[in-house]
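The values are calculated or read from the model by the stated rules, or taken from the named source; none is laboratory data. Just so you know, these numbers come straight off a predicted model, no measurement behind them. With ideal geometry, Cβ positions are generated from the backbone for all residues, glycine too; neighbour counts draw on all protein chains shown. Quick note on the areas: whole protein, heavy atoms, side chains included, nothing else; ligands and nucleic acids left out. Shrake-Rupley method; radii C 1.70, N 1.55, O 1.52, S 1.80 Å.
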Amino acid sequence: MKKLFTLLLIVFMVFGLTACGGKKTTTTVCTMNYEGVNVENTFIAQGNKVQSLKYVNSITVDETLLPYLQVAAEDFVKKMSGVEGLSYNWSVDGGTLTETTDIDYTKVDFNALVNLGLLEKVDGEVPTYIDLESSINNMKELGCTCTEK
């Protein structure tokens with residue numbers, strides 16, 4: 001009986017520690033199409049804390065405007081270079097420029113994100129993490145449809 005009690009206690013402790021301490025990892029995708037711009041933002045979060053974010057924007061324009069967009073994209077690449085946890089790539093296919101930005105919030109310097117204009121201060125302070133619930137609410141307010149995968 002004592003062995004059974006000890007076994008049940010161990011099982012309960014393992015289950016309890018997993019349930020309380022093991023935060024669930026979720027993937028939420030927010031999408032929108034606005035005047036020729038397709039947006040897809042993918043949030044990976046542990047609990048309510050965003051671990052990473054991937055922005056994919058596809059912009060379809062008249063091909064005569066592509067050189068201007070390419071210059072802007074090249075400038076953005078230069079600004080982001082050297083920031084650990086942050087990458088930006090772009091490509092052109094026909095009249096569509098596709099931008100991909102990956103942010104690993106476990107590695108990136110939040111001050112650098114503020115300086116690049118990719119993150120805003122909150123109450124005058126640089127945030128220390130990204131809140132998933134607030135981020136999804138902001139995406140929905142902008143007109144995105146968000147679904148957990």
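Here are a few things to note about the model shown:
- Remark on GLN51: its backbone amide H falls under 5 Å from those of ILE44, ALA45, GLN46, a criterion applied only to residues 5 or more positions apart or on other chains, H modelled at 1.01 Å from N.
- Sequence-separation-based contact order of the stretch 51-131, relative, with Cα cut under 8 Å and 6+ spacing, percent: 34 percent
- Mean residue ellipticity at 222 nm, helices only, the chain: -11000 deg cm²/dmol; runs of at least 4 DSSP H residues each add -39,500 (n - 2.57), and the sum is divided by the number of residues.
- Nearest-10 value in Å² for the accessible area of THR25, using the 1.4 Å probe: 90 Å²
- Counting protein heavy atoms only, the stretch 23-149 has 48 percent of its accessible area on carbon and sulfur, 1.4 angstrom probe.
- When the pairs LYS78/LYS121; LYS24/LYS121; LYS78/LYS140; LYS49/LYS79; LYS24/LYS54 are compared against a 21 Å limit on Cα-Cα distance, LYS78/LYS121; LYS24/LYS121; LYS78/LYS140; LYS49/LYS79 fall above it.
- R0 of 25 Å, Cβ-Cβ distance ASN57-THR27: FRET efficiency to nearest 0.05: 0.85
- Charging the Cβ of each Asp and Glu at -1 and of each Lys and Arg at +1, and nothing else, the dipole of the stretch 62-149 about its Cα centre rounds to 100 debye.
- Degrees, to the nearest 10: 66-80 long Cα axis against longest axis of the chain: 40 degrees
- Added length on full extension, which subtracts the Cα-Cα distance from 0.36 nm per residue, GLN46 to ASN138: 31.3 nm
- Note on GLU63: accessible area is roughly 120 Å² with a 1.4 Å probe, heavy atoms of protein only.
- When +1 charges are put on Lys and Arg Cβ atoms and -1 charges on Asp and Glu Cβ atoms, the dipole computed for the chain relative to its Cα centre reaches about 1220 debye.
- Relative contact order [Cα under 8 Å, 6+ residues apart], the chain, whole percent: 24 percent
- These residues, SER52, SER134, go from largest to smallest accessible area, 1.4 Å probe, as SER134, SER52.
- Annotation: per residue accessible area for the chain equals 68 Å², rounded to a whole number [probe 1.4 Å, protein chains only].
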